Structures are given as C-alpha cells and as structure tokens.
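A short worksheet on the structure shown next.
The values are calculated or read from the model by the stated rules, or taken from the named source; none is laboratory data. Since this is a predicted model, take the numbers as computed values, not measurements. So basically every Cβ, Gly included, is an ideal-geometry build from the backbone, and we count neighbours across all protein chains shown.
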Amino acid sequence: MKTVRPLPAVGLEGSLSSRSSREGASHADPGQGLGRFRARPHALTQRFLSLALRASRELPPACAAALESGYSVPEILAVTFTNKAAAEMRDRVIGALKALALGREGADAASRGRAREELEKLLIHAQRLNIRTIDSLLFMLTRIFALELGLRPDFEPAFDDTAILSDIYDRLAASLPEDPGLARLFGDAAGACIRTTPGFLPYDSFRERLLTVAAKLLTTPLEAPAEPEVWRLALLRRLGSLRNAAEALLTALDAANVPGRAQFLNFLRHCRDANGSGALPARPSPSKPAWPNAC
C-alpha cells in the first residue's frame, strides 16, 4: 500500500491561520469562501514564499517519505478554484522571488541567495511550483493511484461528453451480435429514424440522435423508464403545442400589421410546419437574439 507524505498546505481559498505539524510544515484551515480568497491574494503569496524559503534545499521528493522532517519546494501545495487564480498566484510568487533576488523589500543576503537559487531551478523545472486547481489536484491523485482505481496509468481526461458517449456507442454496437435484447432495441430505434430521416444514409443521423438523448439523460436522468409509445405521444403533444403557438403568433403579427424580420417569420413558419421528421430551428438567426430585435 502506498504511503503519501503530508504536504505543507496553503489553504483552499486560503485562511492563513496555521498550526505547525512538524518542522517547516503547516496546516492551513479552510477559509471563509471565495470572497476571502480574493480579499487576501497577497497574503497567500507571502505564506507560500515563507514556506518555500524555509524548504530544505536539496531534498529529493522521491526520498521525502523516509525522512522525519524537512520538505522541498515541489512538496508545497497551493490549491485554488480556477485556472485564472492559479496563474495569478504563480505570477505573484515568481515576481516576489525576483524582487527578493534583486535585493528589494529589504531582503537579507540569505533570503536573496535562496530566492535566486529557487528562480534558477524554476527556469529549468517550472513544475516545481505546485500551484493547482481543485480539478488538477484530483487528476494528479487519480494518476498516482490509477492502478488501485482500476485505471490505466496513461489514461487521459475527457472534457467533452460527445467523446465519451461515442466510445460507449461503439462498444454497444460491437456487442449487438451477443445481445439479442439490445439488438432489438437498436433495431426499433433505427427503424424509427429511417422512417423520419430523408436520404439513403441514415447512420449519421441515427448515431447523432442517440448521442443527443444520452447526453440529455446525463444531465436530466429519468425518474422512471417509459415505454416508447408513451414517449412518442408526449413528443407529439409538445410538437402540437409548439405548432399552435407559432400559428397563433403569426396570426397576431398579421392582424396587428407588424412587419417582422424575414428570419423571425421563417423561424415561426418552420415551427408551425414542423412534423417531427427533422430538427427544429433553435433560434431565428445564429447571430441575433431570438426575440427582442426580431421585429
């Protein structure tokens, strides 16, 4: 079982009241919220610098667990919420080290030499500055314990649901010959898609529809599964409501003699004539607001 050595911590959102846990290391209590972090960014930088300047100079991180005390700069961890906050803190730390190395801020000779030494190391190994977001920290820990979590050590994070769902779709499609029940469901869905999709190659449309439904279910799970016919009737009711609303708005605009913009009127006509065989228009024009400037 792996043993992880505790790191000196610069607090999440950064309350700086700390208590010593061993020589040079400290624990920072969680702060009072993001507002407190924004109000005291320079205090966080100073806390980080204080730990960095008191770090053991040549302590190899790989051997740290075998020592009773002392720590190296890469073992100091600062955690922020956003990439922007992490980048700003990183810039402030480097700027403060530069000021110390140049003898500003009334630094003594020892501090100037230590700051200069650390700056030289950062120019070679920028990753020594361990300032991360929460997501980055979780990714690092997952990478360290990948095998224990049943993951490949070279896994990569995916930030696009489409990439994840596409891989799942390919696996399901490959398993159809061994799963008659799943094959029947795919066949029913493909048949419905073919009946409502023009053209000779409905594969792309079928795949896109399934991925769209799956992505929706990820954000809004069903309370209980429903039969396909129940879904079909519910969609028809909603489609009917949309068509009636579009027809009523077109009639009202015509009765009031309002000269609507062509894009907006075409949008209403598409909604009025929708029959469920294709995608509905999302808005009158991609570059214009849907309603305030439509007429």
Tally of residues being modelled with pLDDT of 85 or more and either of a type in the set (Gly, Ala, Ser) or under 14 Å from the mean Cα position of the chain (by Cα) (or both) across segment 148-164:
1
The correct count of residues that are surrounded by 13 or more Cβ atoms within 10 Å (Cβ to Cβ) and over 23 Å from ILE194 (Cα atoms) in segment 207-246 is 4
Confirm whether ASP188 is among the charged types (D, E, K, R), in a helix (DSSP H, G or I), at pLDDT 75 or above and within 28 Å of ALA163 (Cβ to Cβ).
yes
Test: ARG132 is without any contact (Cβ under 8 Å) to a residue 60 or more places away in the chain, closer than 16 Å to LEU51 by Cβ and not in a helix (DSSP H, G or I)
yes
For ASN257, work out the one condition from (1) exposed (fewer than 12 other Cβ atoms within 10 Å of the Cβ); (2) at pLDDT below 85; (3) not basic (Lys, Arg) it doesn't fulfil.
(2)
Within segment 165-182, track down each residue that is part of a helix (DSSP H, G or I) and either more than 34 Å from the chain's Cα centre (by Cα) or outside the structural domain of PHE206 (by TED's automatic domain parsing) (or both).
PRO177, GLU178, PRO180, GLY181
When residues of segment 107-129 are limited to those that are surrounded by 15 or more Cβ atoms within 10 Å (Cβ to Cβ) and not in a helix (DSSP H, G or I), the one modelled with the lowest pLDDT:
ALA107
